[in-house]
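Have a look at the structure below, then the notes.
The values are calculated or read from the model by the stated rules, or taken from the named source; none is laboratory data. In this text the structure is predicted, and so the values were computed from the model without any measurement. Cβ placement follows ideal geometry from the backbone for every residue including glycine, while neighbour counts extend to all protein chains displayed. Please note that ligands, DNA and RNA were not included when accessible areas were found on the heavy atoms of the full protein model with its side chains. Shrake-Rupley method; radii C 1.70, N 1.55, O 1.52, S 1.80 Å.
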Amino acid sequence: MEIHVITAFPAIFESPLNECILKLGQKKKLVDIFIHDLRDHTTDKHRQVDDYPYGGGPGMILKPEPFFASIDFIREKHRIESPKIIFLTPQGKRFTQQKAIELAKEEYLIILCGHYKGIDERIRDVLVDEEISIGDYVLSGGEIPALVIMDSIVRLIPGVMNDLDSAITDSFHMALLDGPYYTRPKIFEGYEVPDILLSGDHAKIAEWRKQKAIERTQQRRSDLLERMDQVSTHSNADKS
Ligand code: ADE
């Protein structure tokens, strides 16, 4: 998989791409991540990427030319014919684990990071396939959302994590929140690990974990269970 990020603030990515899963995925050559500086694709001596909005109003707008030029550059230099182009914005569709699973199957992704008041609408109209938001709050740019999305995708690429089971049993992957886990010591300051986990009975442990995941989901995110009920009611209705 190849992921290209276009940003006016490339330095934000330096440390996160050199740690943990994002580093591991690149080191194992399972993903190549390229950060492109939007300013490298400007043509004026001030390397200006933004300008005032037509019609007036507060804030600056990212100009179209550097985005179009960056994408042409990526297509040509990396010989990519049909990348999936994503724009990160609070106006996009909410990012979910399901979307991460879907994006992890793409061969080429290009992520556009917005900044300032917004981007010229022609970038959206002509270049962008999909707009994604990581939640109902406003960040100062798309760089942190891009890192969030890359982390969630890269950990799903087969072979990146040592223990694939661990990604598969994560919260949300099963539409349930993950339950509790314990490690050594068996007793810590008087608090004990549940006996069942020490029993060696793997079927019973799996059943206990499932039960705990359901309880936790009921307590914290009952909306997820309601959604599951709706999905199964719909699919049963479809069958009849
Ligand atoms: N840019 C600014 N805020 C954002 C958000 N919540 N999601 C995605 N991109 C953003």
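Looking only at residues of the stretch 72-99 that are part of a loop (DSSP other than H, G, I, E, B) and not aromatic (Phe, Trp, Tyr), we find that the one that is farthest from the ligand (Cβ to nearest atom) is ARG79. Within the stretch 172-186, restricting attention to residues that are of a type outside the set (Asp, Glu) and open to solvent by less than 100 Å² (accessible area, probe 1.4 Å), which residue is modelled with the lowest pLDDT? Per the stated criteria, the residue is HIS173. Residue count for the stretch 141-163, restricted to those that are out of contact with any His (no Cβ under 7 Å at 6 or more places or on another chain) and more than 20 Å from ASP32 (Cα to Cα): 1.
Matching residues to (1) at pLDDT 95 or above; (2) open to solvent by 100 Å² or more (accessible area, probe 1.4 Å); (3) under 18 Å from ILE168 (Cα atoms):
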{"site": "PHE188", "(1), (2), (3)": "yes, yes, no"}
{"site": "VAL193", "(1), (2), (3)": "yes, no, no"}
{"site": "LEU198", "(1), (2), (3)": "yes, no, no"}
{"site": "TRP208", "(1), (2), (3)": "yes, no, yes"}
{"site": "GLN211", "(1), (2), (3)": "yes, no, yes"}
{"site": "GLN219", "(1), (2), (3)": "yes, yes, no"}
{"site": "LEU224", "(1), (2), (3)": "no, no, yes"}
{"site": "ARG227", "(1), (2), (3)": "no, yes, no"}
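For the stretch 99-119, taking the residues that are more than 25 Å from ASP50 (Cα to Cα), touching a residue at least 40 places away in the same chain (Cβ under 8 Å) and of a type outside the set (A, V, I, L, M, F, W, C), the one that is surrounded by the most Cβ atoms within 10 Å (Cβ to Cβ) is identified as TYR108. Give me the residue from the stretch 120-134 that is near the ligand (Cβ under 9 Å from one of its atoms) and crowded, with 17+ Cβ neighbours inside 10 Å and, out of that set, nearest to PHE67 (Cα to Cα). Applying the filter and picking the extreme gives ILE132. Right, LEU30: under 15 Å from SER152 (Cα atoms), assigned to a helix (DSSP H, G or I) and open to solvent by less than 70 Å² (accessible area, probe 1.4 Å) or not? Considered against the rule, which asks whether it is under 15 Å from SER152 (Cα atoms), assigned to a helix (DSSP H, G or I) and open to solvent by less than 70 Å² (accessible area, probe 1.4 Å), LEU30 comes out as no.
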